[in-house]
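The values are calculated or read from the model by the stated rules, or taken from the named source; none is laboratory data. Remember, it's a predicted structure, so these values are computed and weren't measured experimentally. In this analysis, Cβ positions are derived from the backbone assuming ideal geometry, glycine residues included, and neighbour counts consider all displayed protein chains.
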Amino acid sequence: MEQRGSPAEQVGTEQRTRRWTRWVPWTVAVVATGAVVATTPTGESHAGSTVQDVLGGEQLRIMAPAAPGGGWDQTSREMQGALRELVGRTEVYNVAGAGGTIGLSQFVRFDGDPTQLLTTGLIMVGAVKANGSGHSLADTTPLVRLTTDYQAIVVPADSPLRDTADLVAAMREDLPSVSIAGGSAGGVEQILAGMLAKAVGGDPAQVSYVAHSGGGEALTTLLSGRATIGISGVSEIEPQIEAGTVRALAVSSPERLPAVPDVPTLREGGLDVELQNWRGVAAPKGISAEEERALEGLLLDMTRTREWRDALERRGWGDATLAGPEFEDFVRSEQERVSRVLDEIGLG
Amino acid sequence: MDQFGLLLDGFASALTPGHLLWALVGVTIGTAVGVLPGIGPALTVALLLPITFRLDPASALILFAGIYYGGMYGGSTTSILLNTPGESASMISALEGNKMARAGRAAAALATAAIGSFVAGTIGTVALTFVAPVLSDFATSFGPPEYVALMALAFVTVSALLGPSLLKGAASLLVGITIGLVGIDSQTGQPRLVFGIDSLLDGIDVVIVVVALFALSEAFGHLLTGTGHSTVQPLRERAILSRKDFRRSWPSWLRGTALGFPIGSLPAGGAEVPTFLSYSVEKKLSKQPEEFGKGAIEGVAGPEAANNAAAAGVLVPLLTIGLPTSATAAVILTAFQSYGLQPGPQLFSESGPLVWTLIASLYVGNVMLLVLNLPLVRMWAKLLTIPSYGIYAGVLVFATLGAYAAGGTTVDLLILCALGVLGLLMREAGIPVAPAIVGLILGPLAEQQLRRALTLSEGDPSILLSGPITVVLWSVVVLALLTPAAGAWFRNRRRADAPSPVR
């Protein structure tokens, strides 16, 4: 390729290069085809059951409507692990964005397909309302509720606020001056912020809520000392509480949590507020009653596997298994409650 | 030097054949996913996570660290050769790198990128070893007002990227900011510029915009003008990196590292902002500023180093306070937690040996990447001897594959094509595309932080100047604005004084 050499030599090199390069597209094509064929999943089926009939030998596909690393992604991948011994291989894929509403809008197209599952939860209920999404959980068949994660109200270590009473006093005195850092707009943290404002007798629309794309980002604003309080999932913030970088004032659970036994509940602090960030699974609308029963049975079996119990322990998630009509009633009541709170905040 | 002994222990366990093999597997996979636009290290690690539960923690973390660093190396290769950045942080490398490649200096560009990445990665890892706790205090003191000041600084300095015509550059910047506004507004949850299309709710992925504006517009441009048989000039030089190139590169590597590591360690700093800053700095300091835009080696060396130093910086908040500041870091945090390790202040005291093994394996991975990449430089550069119809067919395949992999919908492909046509129009009108990407990345960041700051202060703008860091940053902004003006004024005065005979 150097510039030296006679013109004749150069022509020779060029031709040789030509001949060599002519094969490149072919080779690439063959290798690419080979790679696609080699990685195509082969439908291995384990033990025959009614679920097997429902799936018809097809692989179960679980949509995690969020980016890798988030709560729905973790839930989906733990399910994938726990389902392995029940139905063999399952596929988890991510459709990130907009509090799960982008995933939901794609999921509703799988009408009547029992091999498709969607991981969902309170955040999606809130996002559907806040974003004015055209689809809601009513366009799916809710199957089971799986886990719950309560919220913790935290302050920087050097904050003058010592307990819920201090917080209530500060919020009563000047609500907008108590800035609250939390996750995405319309998400579970903002819902709780609105509920807190209402409980102290303030107007939820007056809350200075600073939205962040995730708990980690919200924590940075809190640690910089700019925000008065932060709201975060207990499992997410627990290590920071333990390390003493933040102090927890209260948790949003009905009773004290085993993970942080020293932190009182909001009820103990005199506020009638309770909120759980639940996560569950839904199937597409239009599946038959038998298919619905079989899938519910499968997921209930999954919650009894050792893998799943280990996952709950490891992640610090609360067990919140609830299936059938009770779960559907629960989803409906959550939709009403959340949309009422978001209307009051002004996000509806 | 307690840390030094611990680090040596870390090396002892990282240098076992088994761990070395995992590091090799990691950097290879990482380089591959870095090359493909759209498939990033985050997705790869998430996919591998369930498989690695069977591995012991040390092997798995070494694998992930290899993927992470490898991804940063790989992104620059396609950027330089094909003008198709694999990651948004390697966009700047395409500006000068691709010009160099077209002038037959592909090998030099790739080599300076690889060595720069190595230098920056190594210095970054050393800094991670020794100054992480100090730096994390600094990083957590950054709140929304500080970020507003940092973004203002970035906006002021990117004028270097705007190209020869200020008007066209600014137009491009605004195109980028507009694209950045698409999607749900983070503070109110209201959709903006979405036009009822669900897929636009989450905004347009930066990678898709980068690929469309750079690669697709170029491929479309060839469709309009080229015969399709033209090839890029073959390699001109014998040496991969000449002595002169090296002399011009090394200060840029160091400056890039100095910018990349601290900004990367800021929780909302990211890897892109330091590459913009580095490019501006290199252009200002260069002895041959006229070469910029035509293939200046400093313009590759600096940003590439900044990009990799930032990658090491991201690990600072992750390891010291358990704060994941990028998607990849979030997935690595998940991996930590699944092994029962809790990143944060106690990480070093509770699971010290493992952390030091991880840090040692970052050094090992870096060396491995250099050894893997340098000999391949000539082979990669030979790719350019393929006729352009072959190259651009390949670019189109990878671009569409990457865009589809990122979102998984056909709408993404339509957006990709639409933006590609936009890029073509901009190219035909002589409007540079790089400022659009700068606006796309900086615009939403600046807007978000400004609104957060104002929410915190209940609308009082004085919060923007509260705290020592903001004051320092705004002073630098003012200086950056005044220096060129003052310089011009002094030159004018001197010219005015010149005719009067002083001697």
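Couple of notes before you dig in:
- Unique match (being hydroxyl-bearing (Ser, Thr, Tyr) and under 22 Å from A:PRO65 (Cβ atoms)) among A:THR303, A:THR265: A:THR303
- Test for B:LEU49: is it in contact with a Ser or Thr (Cβ under 9 Å, 6 or more places away or on another chain) and either assigned to a helix (DSSP H, G or I) or more than 30 Å from B:HIS222 (Cβ to Cβ) (or both): yes
- Cβ pairs under 6 Å, 6+ apart, first in region A:252-272 and outside any loop (DSSP other than H, G, I, E, B), second of a type in the set (A, V, I, L, M, F, W, C): A:THR265/A:VAL251
- Any hit, region B:59-77, residues being closer than 30 Å to B:GLU282 by Cα, of a type outside the set (D, E, K, R), away from every other protein chain (no Cβ under 14 Å) and not in a helix (DSSP H, G or I): no
- Residues (basic (Lys, Arg) and part of a helix (DSSP H, G or I)) located in region B:237-278: B:ARG243, B:LYS244, B:ARG247, B:ARG248, B:ARG255
- Here the condition is being of a type in the set (Val, Ile, Thr), surrounded by fewer than 19 Cβ atoms within 10 Å (Cβ to Cβ), more than 24 Å from the chain's Cα centre (by Cα) and part of a helix (DSSP H, G or I); of B:VAL411, B:VAL371, B:VAL367, B:VAL397, it holds for B:VAL411 alone.
- Test: residue in region A:310-329 that is surrounded by 15 or more Cβ atoms within 10 Å (Cβ to Cβ), more than 21 Å from the chain's Cα centre (by Cα) and within 21 Å of A:SER235 (Cβ to Cβ): no
- Of note, A:LEU295 satisfies the criterion of being at pLDDT below 90, closer than 22 Å to A:ASP73 by Cα and in contact with a Pro (Cβ under 8 Å, 6 or more places away or on another chain).
- Criterion applied to B:ALA154, B:ALA111, B:ALA89 was being within 29 Å of B:ILE208 (Cα to Cα) and modelled with pLDDT of 85 or more, and the one residue passing it is B:ALA111.
- Restricting A:LEU222, A:LEU192, A:LEU143, A:LEU196 to residues that are surrounded by 19 or more Cβ atoms within 10 Å (Cβ to Cβ), of a type in the set (A, V, I, L, M), in contact with a Leu (Cβ under 6 Å, 6 or more places away or on another chain) and not in a strand (DSSP E or B) narrows the list to A:LEU192.
- Condition check for B:ALA32: part of a helix (DSSP H, G or I) and surrounded by 17 or more Cβ atoms within 10 Å (Cβ to Cβ): no
So that you can scan it fast, the table gives a plain yes or no per residue for (1) acidic (Asp, Glu); (2) surrounded by fewer than 24 Cβ atoms within 10 Å (Cβ to Cβ); (3) more than 14 Å from every other protein chain (Cβ to nearest Cβ):
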{"position": "B:GLU87", "(1), (2), (3)": "yes, no, yes"}
{"position": "B:ALA94", "(1), (2), (3)": "no, no, yes"}
{"position": "B:LYS99", "(1), (2), (3)": "no, yes, yes"}
{"position": "B:GLY104", "(1), (2), (3)": "no, yes, no"}
{"position": "B:ALA113", "(1), (2), (3)": "no, no, yes"}
{"position": "B:THR129", "(1), (2), (3)": "no, yes, yes"}
{"position": "B:VAL134", "(1), (2), (3)": "no, yes, yes"}
{"position": "B:PHE142", "(1), (2), (3)": "no, no, no"}
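- Scanning region A:199-219 for residues that are facing chain B (nearest Cβ under 8 Å), farther than 15 Å from B:THR455 by Cβ and outside any loop (DSSP other than H, G, I, E, B) turns up A:GLY216, A:LEU219.
- Residue match in region B:79-95 (condition: in contact with a Leu (Cβ under 7 Å, 6 or more places away or on another chain), more than 30 Å from B:TRP474 (Cβ to Cβ), touching a residue at least 12 places away in the same chain (Cβ under 8 Å) and part of a helix (DSSP H, G or I)): yes
- A:SER235 being away from every other protein chain (no Cβ under 14 Å) and touching a residue at least 60 places away in the same chain (Cβ under 8 Å): no
- Scanning region A:75-94 for residues that are buried (at least 19 other Cβ atoms within 10 Å of the Cβ) and either outside the structural domain of A:PRO114 (by TED's automatic domain parsing) or of a type in the set (Asp, Glu) (or both) returns a single hit, A:GLU78.
Rundown of residues vs (1) within 24 Å of A:VAL331 (Cα to Cα); (2) in the same structural domain as A:LEU322 (by TED's automatic domain parsing), yes/no style:
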| position | (1), (2) |
| --- | --- |
| A:THR115 | yes, yes |
| A:PRO160 | no, no |
| A:ASP166 | no, no |
| A:GLU189 | yes, no |
| A:GLY194 | yes, no |
| A:PRO204 | yes, no |
| A:THR220 | no, no |
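- For region A:238-252, taking the residues that are at the interface with another protein chain (Cβ under 10 Å from one of its Cβ atoms) and either charged (D, E, K, R) or in contact with a strand residue (DSSP E or B) (Cβ under 6 Å, 6 or more places away or on another chain) (or both), the one that is nearest to A:GLN276 (Cα to Cα) is identified as A:GLU238.
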